[in-house]
Amino acid sequence: MAFSKSFLWGGATAANQYEGAFNEDGKGLACADLITSGTHSTPRKITEYIEDKYLYPSHEATDFYHHYKEDIRLFAECGFKAFRFSINWTRIYPLGIEEQPNEKGLQFYDHVLDELNKYRIEPVVTIAHFDIPAYLSEKYDGWSSRKLIDFYVKYCKTIFTRYKGKIKYWLTFNEINTATLNIGNFLSLGIHTKSCDFTNQPDDIQKRYSALHNQFVASARAVALGRSIDPEFKIGCMISYMPRYPYTCKPEDVLLAKQEENMHSKFCGDVQVKGKYPYYALNYFEKQGIKIDITEEDKKILLKGCVDYYAFSYYLTLCCSYDKSVEKNGHSMIGGSGVNNPYLEQSKWNMMIDPVGLRIALNDLYDRYNIPLMIVENGIGAHDTLEKDGTIHDLYRIDYLKRHIEQMEKAIEDGVDLIGYTIWGCADLVSASTGEMAKRYGIIYVDKYDDGTGDLHRSKKDSFYWYKNVISSNGEEL
Ligand code: BG6
């Protein structure tokens, strides 16, 4: 049997896309609350304040805040061993700067954790998943200020202390490498902007990479702090991992694929696992004229705060061509861009479906880092049809997940130490890149639509029953 008895099968979500209740019980405004809905062809907008003419999907999302008992009961019924969710920073510190945390925010996660514990479901908790307090963005220009490090560490101290004994697996920043892209400016780094398109933000790469450096330092400090609070904690990084293939075997394409993969998918993991900047990143910064203020103290902190395990999201692979005339791929995921791969099918949102790429990724990552790996996001965004009798026949989703799990099994047989798999958006939630409900990932359907309507009723999709059997057979029956 490839999967160990303790393998963490489950699902994953993020507060800003799932919880809703954006202004309840003292929660502050987060950057994500200022991003409007969009579609595959119409970009989301970032607005400076909430405007009546727009719909902001994070505000209600699919309302986990008021449905957590029902949803966790469904996860338990499916047999989940783990549930990944994020704590919303603005529920705990509404502005980010307060001396005392918001007790009501802390209590909400007490309830969620108690409910998970009732069913023996292991929490895997993201500390920051795209929900920086909007006040920190406006006042300090987000992570471009070093002050954010202390605010974040204080927030970590609060939740580490409060939930010690209840949470073992932590992730410091969701897809920290989103900061290597234009789209990361506001969402991932909270860099302040006037109203603009989400997919085309004003971009100062010097500021963006300096802000990312501050997140590295904050993450490393959180790891060291977490260990001092509870040596049982396992604290991981979380990387959006998109392997790059060369479009041809022309050496120029091979080199380009390597360089793009390094700077998007490898760089941040290298810093967080190995505790120092890799040579290729330092070289890239020098060539681009980017100067990062890496102090001697920072270097020590980075080395002291190496992560315990490597968590990543895997949805697709990208293909790189030096030849500008090769047709581009217009996928909507938050990640780099590439050209169409003629050997792969695409989803409706143009993601290249590549199960074998997952086996390649797992082998590459384990070879590079030699620490346990966890896949904390994987899945296919698709249009689902709710039939009159309440059923949803999502065979395309079963097919996607099945083919990826087969490759996980093969990678484990290759010798990779894979400890868990949480499918993305296990209950339907809002898409991060396009801000829509139409792009669904869940095995649980939520009655919520892009015009804001829907009664939030939950229904089990065919994939729910299929995944339940996968978990109960520990991956034997696909
Ligand atoms: C990752 C994020 O980028 O991919 C999630 O961590 C996101 O927040 C997921 O939802 C799927 O992407 P999308 O854009 O289809 O929602």
Quick check on this structure: which one of Leu136, Leu113 is over 26 Å from Trp424 (Cα atoms) and at pLDDT 95 or above? Leu136
Run Tyr109 past the list (1) without any contact (Cβ under 8 Å) to a residue 60 or more places away in the chain; (2) more than 24 Å from Trp170 (Cβ to Cβ) and report the number of the one that doesn't hold. (2)
Residue check: is Leu255 under 30 Å from Gly379 (Cα atoms) and exposed (fewer than 15 other Cβ atoms within 10 Å of the Cβ)? yes
Could you identify the single residue in Lys166, Lys207 that is touching a Leu at 6+ places or on another chain (Cβ under 7 Å) and not polar (S, T, N, Q)? Lys166
Please pick out the residue among Gln201, Gln215, Gln206 that is within 21 Å of the chain's Cα centre (by Cα) and more than 12 Å from Ser145 (Cα to Cα). Gln201
Filter the stretch 134-177 for residues that are crowded, with 24+ Cβ neighbours inside 10 Å, over 14 Å from Ile87 (Cα atoms) and either within 16 Å of the ligand (Cβ to nearest atom) or not polar (S, T, N, Q) (or both) and give the result. Ala134, Leu136, Gly142, Trp143, Leu148, Glu175, Ile176, Asn177
On the basis of being out of contact with any His (no Cβ under 9 Å at 6 or more places or on another chain) and over 25 Å from Ile176 (Cβ atoms), does Lys348 make the cut? no
So which of Phe285, Phe267, Phe312 ends up being closer than 23 Å to Ile183 by Cα and over 25 Å from the mean Cα position of the chain (by Cα)? Phe285
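Scan the stretch 393-406 and tell me whether some residue there is within 16 Å of the ligand (Cβ to nearest atom), out of contact with any His (no Cβ under 6 Å at 6 or more places or on another chain) and not in a helix (DSSP H, G or I).
yes
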What are the residues in the stretch 449-472 that are assigned to a loop (DSSP other than H, G, I, E, B) and either in contact (Cβ under 8 Å) with a residue 24 or more places away in the chain or surrounded by fewer than 13 Cβ atoms within 10 Å (Cβ to Cβ) (or both), if any? Tyr449, Asp450, Asp451, Gly452, Thr453, Asp455, Leu456, Lys461
It is to be established whether one or more residues within the stretch 457-467 are within 16 Å of the ligand (Cβ to nearest atom), polar (S, T, N, Q) and under 20 Å from Pro355 (Cα atoms). no
Conditions (1) crowded, with 24+ Cβ neighbours inside 10 Å; (2) assigned to a helix (DSSP H, G or I) -> Gly10 fails only (2)
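Within the stretch 85-103, can one find any residue that is in contact with a Ser or Thr (Cβ under 7 Å, 6 or more places away or on another chain) and within 16 Å of the ligand (Cβ to nearest atom)?
Yes, the stretch 85-103 contains at least one residue that is in contact with a Ser or Thr (Cβ under 7 Å, 6 or more places away or on another chain) and within 16 Å of the ligand (Cβ to nearest atom).
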Which residue out of Gly435, Gly415 is open to solvent by 30 Å² or more (accessible area, probe 1.4 Å) and at positive phi? Gly415
Does at least one position in the stretch 36-47 carry a residue that is closer than 18 Å to Asp428 by Cβ and part of a helix (DSSP H, G or I)? no
Run Asp323 past the list (1) within 16 Å of the ligand (Cβ to nearest atom); (2) open to solvent by 10 Å² or more (accessible area, probe 1.4 Å); (3) not polar (S, T, N, Q) and report the number of the one that doesn't hold. (1)
Considering every residue within the stretch 359-376, establish whether at least one is within 15 Å of the ligand (Cβ to nearest atom) and either open to solvent by 10 Å² or more (accessible area, probe 1.4 Å) or more than 25 Å from Ala14 (Cα to Cα) (or both). no
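Restricting to helices (runs of 4 or more DSSP H) lying wholly in the stretch 57-118: which have 2 or more residues that are out of contact with any helix residue (DSSP H, G or I) (no Cβ under 8 Å at 6 or more places or on another chain)?
Helices (runs of 4 or more DSSP H) meeting the threshold: 64-78, 103-118.
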Extreme residue, modelled with the lowest pLDDT, among residues of the stretch 171-185 that are in a loop (DSSP other than H, G, I, E, B) and among the β-branched types (Val, Ile, Thr): Ile183
Matching residues, the stretch 186-227, being in contact with a Gly (Cβ under 6 Å, 6 or more places away or on another chain), open to solvent by less than 10 Å² (accessible area, probe 1.4 Å) and in a helix (DSSP H, G or I): Ala220, Val223
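Quick one: in the stretch 186-208, of everything that is among the polar types (S, T, N, Q) and more than 15 Å from the ligand (Cβ to nearest atom), which residue is farthest from Pro43 (Cα to Cα)?
Among them, the one singled out is Gln206.
The values are calculated or read from the model by the stated rules, or taken from the named source; none is laboratory data. Quick caveat, the model's predicted, so the values are computed rather than measured. Note that each Cβ is placed from the backbone with ideal geometry, even for glycine, and that neighbours are counted across all protein chains shown. Remember, those area values only see protein heavy atoms, side chains included, never the ligands or the DNA or RNA. Shrake-Rupley method; radii C 1.70, N 1.55, O 1.52, S 1.80 Å.
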